[in-house]
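Working notes, structure below.
The values are calculated or read from the model by the stated rules, or taken from the named source; none is laboratory data. Only a predicted model underlies this, so the values are computations on that prediction, with no experimental measurement involved. Neighbour counts run over all protein chains shown; Cβ positions are idealised from the backbone, glycine included.
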Amino acid sequence: MDVFFNLTLNGLATGMLIFLLAAGLTLIFGLMDVLNFAHGGLFAWGAYSGTWLYATTGSFIIGILGAVVTGLILGLITERVIIKPVYGNHVQQILITLGLMLVLSELLKVVWGPNQLSATAPDFLKGSFEVGGVIIIKYRLFIIAVGLLVFFAVQYVLKNTKIGLVVRAGVMNKEMVQALGINIKKVFMLVFMVGSGMAALSGVLLGPYSGVIHAEMGMEFAILAFIVVVIGGMGSFPGSILAAILVGLSGSFMAYYVPDLALAANMLLMAIVLIFRPQGLFGWKG
Amino acid sequence: MGGRGEKKVKSIFVQRKNIVYTIIAILLILFPFMNDSRSMMILFTQVFIFAIFAMSYDLLLGFTGIVSFGHAMFFGIGAYAVGIFMKQFEPTLPYFLLAVVITILITAIVSYVVGLLTLRLKSHFYAMLTLAFASLFLVLAEKWRTLTHGNDGFTFRTPEIFRDRLDFYLICLVSMIVVFLLLNRFTNSPLGKVLQAIRENEQRTESLGYSVIQYKIIASVVSGVLAGFAGILYSVSLRFVNTSVFTMDITLDALLMTIIGGVGTLIGAIIGAGLIEFAHHWLTELAKVHWIFERWIIFFGIIYILVVMFFPRGIVGTVRNIKLKSKKRVTDKSEQQKAAG
Amino acid sequence: METLFETKDLTIAFGGHIAVDHVNISVPANQFKSIIGPNGAGKTTFFNLLSGQLSPTEGEIFFRGENITKLSSTERTRKGIGRSFQITNVFPNLTVLENVRLAVQSQAGIRYQMLSHFKKYQDLEAKALEWLEMVMLEDKQETLAINLAHGEKRKLEIAMLLALNTEVLLLDEPTAGMSLEEVPAILDVIRRIKEKGDRTILLIEHKMDMILDLSDSIMVLFNGRLLADGTPKEIMLNETVQSAYLGGIHS
Amino acid sequence: MTIQLKLNEVETYIGQFHILQGISLEVRKGEVTVLLGRNGAGKTTTLRTIMGLNPSTKGTITFNNEEIQSLPTYSVAQKGIGYVPEDQGIFSELTVEENLKVAMKNESDSTKERLNYILNLFPDLKKFWKKPGGLLSGGQKQMLSIARAYVNDNELLLIDEPSKGLAPIVVEKVMESIIEMKDTTTIVLVEQNFMMASTIGDHFYIIDDGQTVQNGPMEVLKEDDEMRRKYLGIA
């Protein structure tokens, strides 16, 4: 029972981190029809800038804020410089964002050196507590809370605010949104920035969770996020949280019981989805 | 009238091109006999191997319009197959050939399955799935220690005929030429033309009565098998294999070489391979001068982004365009003169 | 006359909207039939159903007595139903000759030859050239399709369709978007095909003079329904057609 | 009367299609100007060009004495031009309420007033207030689309074939609404249904092969059988 509970909690925490990454990917894809292969790079930049700020200032909150700001700024630059010229051309988008991924992860090594950075949870999130004989690690709970918070916040914005309405309308009919007097390009930019900010947040939260961060993990996590996006249905926001939790849980349980097959399990899941529902569990795009 | 004339000009052009290629091939064959720099010879051997790899990638990206981010897995399968056979059994030619057969089988099956799963969907899916599959193979190579020795990899001995550097140089050169001729034939065959049609306009190809998915799968299988072959040569050249053959860097090499050289041209892939390998070599040397050159990928990355943005047809494609335009200008001018006269 | 093509209660609905509504037509071999109707009447959708780009929610399509409703567009092309597209739809970075040759190749059933050089297929090329001559594009054979003028692209499109050598030709607004000077050339091409007398042609057009000139029969679609079907003369005198298509919805 | 919208020798390409080959027209404030012509003549493209959705390559478009031909679509809309496209452009997964909310520039009293006014005109919309727009019938979608263009204080509405695919009874309803709006708003209408066009139109333009070929007060066209037959094929 104890093991089961812990694995679940662990899986949920990982799932939330993946969700934060995949959600940005899926928002960008849904609205702009752009699959950003540099998303993992933004994640890694969030991780490094946040962890570094955290280490220098001693404040985890500043670290998180710094990471998000880094994500927003990089997102802005990426959208303006890299994505804008290749809207509508899938092959070029795929190629160019991968190139950016390359540059981002190498630049990371230039700025912070090739070695990994370590991070620990801040005091108020250190340690664990016990509920009914089950030990709960505080930091994991924290990640789950943040993930849920972001999910509901984004969901709220999408459902209940004007800008959210515009975003949803834009997914359905860009032309009409413009004909109603809304500058969709600005909305695009904003969505891209928010998506990048979420990726960066995911990155900085990962630090204390796994203890160390390194430059390659951008790609590792991006692959998980891609799997999630395919399973959840490209462009579906609720789909991405469900699929992320699924991938997180399967990862955590497989790692415990059949460690060698952990990644294979996700691939299998994705293959099955692709065979039977190529549009993904919640997908509405072909 | 004009059409026939143009055609004649074109066939002369083709002939001249063939002569140039032949001269370059002869020079490359003679090179090791004139130059005794061992490191140069090794570098050229690498170029040939990666040229094969890049050409196999070009078949996908340049001729069929498919983006793969997992090309390293085919390369790695070949590299490991030959390593494992040479290590576990004996470094003899029959076992080597067996490794080649196994490589062909595995790469064909994997590319077939991945293709079947995603090639009927948008281009994103194939890119993502190949990326994911490649990382799966990387993990497999790390975890299956009894066979692969994990991250550290292992050394092995090779059959007699591969041991001499000069012989191996020639084998790789000939292999590259053969693959080039083969792919040239393949892309100019009726089937190859259909692949290019798919790249240009998938829906239209379908409505002409071709079943697009089958063609895409054929392209991905041929490409996968050739990439596996390049992997075989690569690990034989090093007499060593480790998990690096499955990493993204290998795929990126193919991508950079094809794009910078010029997609859809084959010869561009060879030029790209030469360029990248040499640049790689020199920049690593430069790392002694300044540490920033250790991060040479940054420069490559930036150049690559600029090429995708401004010269999507690469070196060969851009040169051809310029040539085409200047030729057109000449004919325009002569026509004007004719009209004036 | 032998019936070549037939639809029975052909219907397709998108969501709640019925785009084509129980349409029954039968087309004899070698007839020239035009389809007219206001924007959104379902003409192109009807074509998409015939060529297999869409599958109907109800009804059947027969070709030479065989039910082809379930066949894919690829299979229908191979059976003998070819179509042109409203938007120009060629291979932009291949030459004009290569474009047509791909169609000839498909028609000849040469699909998976992968090692023989293309030049060996001299007869394919010769045939492709013939088709280019038919549409008066032989001068442009080495030009990349992307560099053609709009009207030339439409001609190329028709050449590719002809090269498939299908018994049925579905032509979707072949003169759309052309400047006025370009139109006669296309008309000429279509008239030549008609005069050869061995094809069954369905044409969507809005240029009435052209339709009246070429058609053996005309069908009128309105709100997805078949409003009338008859000779050009009958259609011109039909009052329902007058008020629905050419005039008001109701009077 | 003041000229509110003026097109001068406008030409537009879509891809390689030379769709508009010289459109010149003047729309007077407070009138309903109807664009007529055969299928494919370029009527829809004319509206789309005014909106900047298919930008023109030549010529000028003046709205309230200001050139707008090079403005992006959203700026054109912000100048006070509402657009009801041919396919209605309903956001199918948004509710009726949300469809209207996306359009509303503000929540001021005057906007609310306009909203109430239009909802009274189309009570069906109130009935389906919380239902996704995709579930509406063709006529209701048309009403929603018109309502969406109307809620803002637009000076000019471009309406593309509002009668298309609608049952006659619904057409009458839509017609009534346009007649009601006429008092406050200038309207450019594309319409194939001549009965409708002649009832609500003040002024007509005939477009043929991408060019404006005839224009005048609607009365003239009503009486000129020859012109109707020539360009519209109506006896």
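Assorted remarks:
- Wholly enclosed helices (runs of 4 or more DSSP H) of the range B:160-224 bearing at least 3 residues more than 23 Å from C:TYR121 (Cβ to Cβ) and modelled with pLDDT of 90 or more: B:165-188
- Close pairs from the range B:43-64: first over 24 Å from A:ILE96 (Cα atoms), partner among the aromatic types (Phe, Trp, Tyr) and crowded, with 24+ Cβ neighbours inside 10 Å, Cβ under 7 Å, at least 6 apart: B:ILE49/B:TYR234
- Of residues in the range D:178-194 being closer than 22 Å to D:GLY30 by Cβ, assigned to a loop (DSSP other than H, G, I, E, B) and over 10 Å from the mean Cα position of the chain (by Cα), the one farthest from the other protein chains (Cβ to nearest Cβ): D:ASP183
- Restricting the range D:126-177 to residues that are within 14 Å of chain C (Cβ to nearest Cβ) and basic (Lys, Arg), the residue that is nearest to D:ALA77 (Cα to Cα) is D:LYS141.
- Boolean, A:PHE129 is over 18 Å from the mean Cα position of the chain (by Cα) and either more than 11 Å from chain D (Cβ to nearest Cβ) or closer than 21 Å to D:LYS101 by Cβ (or both): yes
- Residues in the range C:93-115 that are more than 7 Å from chain B (Cβ to nearest Cβ) and farther than 17 Å from C:GLU152 by Cα: C:VAL104, C:GLN107, C:ALA108, C:GLY109.
- Here A:LEU108 fulfils each of the conditions (1) assigned to a helix (DSSP H, G or I); (2) over 29 Å from B:LEU129 (Cα atoms); (3) over 16 Å from the mean Cα position of the chain (by Cα) apart from (2).
- Some residue of the range C:42-62 being out of contact with any helix residue (DSSP H, G or I) (no Cβ under 6 Å at 6 or more places or on another chain), at pLDDT below 85 and part of a loop (DSSP other than H, G, I, E, B): yes
- So B:LEU195, is it surrounded by 21 or more Cβ atoms within 10 Å (Cβ to Cβ) and in contact (Cβ under 8 Å) with a residue 60 or more places away in the chain: yes
- Candidate set from the range D:54-91 (those that are surrounded by fewer than 21 Cβ atoms within 10 Å (Cβ to Cβ) and hydrophobic (A, V, I, L, M, F, W, C)); member that is farthest from the other protein chains (Cβ to nearest Cβ): D:ILE68
- Of all residues in the range C:5-27 being over 18 Å from the mean Cα position of the chain (by Cα) and of a type in the set (Asp, Glu), the one that is surrounded by the most Cβ atoms within 10 Å (Cβ to Cβ): C:ASP21
- The combined condition, being of a type in the set (S, T, N, Q) and either within 14 Å of another protein chain (Cβ to nearest Cβ) or crowded, with 16+ Cβ neighbours inside 10 Å (or both), is fulfilled by B:SER68.
Conditions tested, residue by residue: (1) among the charged types (D, E, K, R); (2) crowded, with 21+ Cβ neighbours inside 10 Å; (3) in contact (Cβ under 8 Å) with a residue 24 or more places away in the chain; (4) more than 27 Å from A:TYR256 (Cα to Cα).
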site	(1), (2), (3), (4)
A:THR26	no, yes, yes, yes
A:HIS39	no, yes, yes, yes
A:PHE43	no, yes, yes, no
A:THR70	no, yes, yes, yes
A:GLU79	yes, yes, yes, yes
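- One residue from A:LEU95, A:LEU141 being touching a Leu at 6+ places or on another chain (Cβ under 8 Å), without any contact (Cβ under 8 Å) to a residue 12 or more places away in the chain, in a helix (DSSP H, G or I) and not aromatic (Phe, Trp, Tyr): A:LEU95
Each row is one residue, and each column tells you yes or no for (1) touching a residue at least 12 places away in the same chain (Cβ under 8 Å); (2) touching an Asp or Glu at 6+ places or on another chain (Cβ under 9 Å).
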position: D:VAL84; (1), (2): yes, yes
position: D:LEU100; (1), (2): yes, no
position: D:PRO123; (1), (2): no, no
position: D:PHE128; (1), (2): yes, no
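- When the range A:229-286 is filtered for residues that are more than 10 Å from chain B (Cβ to nearest Cβ), under 30 Å from B:TRP144 (Cβ atoms) and small (Gly, Ala, Ser), the ones remaining, listed by number, are A:ALA243, A:ALA244, A:GLY248, A:SER250, A:GLY251, A:SER252, A:ALA255, A:ALA265.
- Members of the range B:248-299 that are touching a Gly at 6+ places or on another chain (Cβ under 7 Å), outside any helix (DSSP H, G or I) and among the hydrophobic types (A, V, I, L, M, F, W, C): B:VAL263
- One residue from C:GLN53, C:GLN105, C:GLN31 being surrounded by 23 or more Cβ atoms within 10 Å (Cβ to Cβ) and out of contact with any Phe, Trp or Tyr (no Cβ under 7 Å at 6 or more places or on another chain): C:GLN105
- Here A:PHE226 meets each of (1) crowded, with 18+ Cβ neighbours inside 10 Å; (2) of a type in the set (Phe, Trp, Tyr); (3) more than 11 Å from every other protein chain (Cβ to nearest Cβ) with one exception, condition (3).
- Restricting the first member to the range A:153-167 and to residues that are under 21 Å from D:ILE90 (Cβ atoms) and facing another protein chain (nearest Cβ under 10 Å), and the second to residues that are among the acidic types (Asp, Glu) and part of a helix (DSSP H, G or I), the beta-carbon pairs closer than 9 Å and six or more apart or on different chains are A:LEU165/D:GLU98.
- Set side by side, the residues A:ALA244, A:ALA271 differ, and just one is among the small types (Gly, Ala, Ser) and in contact (Cβ under 8 Å) with a residue 40 or more places away in the chain, which is A:ALA244.
- For the range D:105-114, the set of residues classified as surrounded by fewer than 18 Cβ atoms within 10 Å (Cβ to Cβ) and either away from chain A (no Cβ under 13 Å) or of a type outside the set (Lys, Arg) (or both) consists of D:ASN106, D:GLU107, D:SER108, D:ASP109, D:SER110, D:THR111, D:LYS112, D:GLU113, listed by residue number.
- Hits in the range A:117-144 - residues which are at pLDDT 85 or above and of a type in the set (S, T, N, Q): A:SER118, A:THR120
- Among the strands (runs of 3 or more DSSP E) confined to the range D:1-95, the ones with at least 1 residues that are within 27 Å of D:GLY134 (Cα to Cα) are located at D:81-84.
- The residues on offer are C:ASN48, C:ASN24, C:ASN30, and the sole one that is within 28 Å of C:MET210 (Cα to Cα) and without any contact (Cβ under 8 Å) to a residue 12 or more places away in the chain is C:ASN48.
- Some residue of the range D:89-102 being at pLDDT below 85, farther than 24 Å from D:GLU31 by Cα and of a type in the set (Asp, Glu): no
- So A:LEU53, is it of a type in the set (A, V, I, L, M) and either within 14 Å of chain B (Cβ to nearest Cβ) or out of contact with any Leu (no Cβ under 7 Å at 6 or more places or on another chain) (or both): yes
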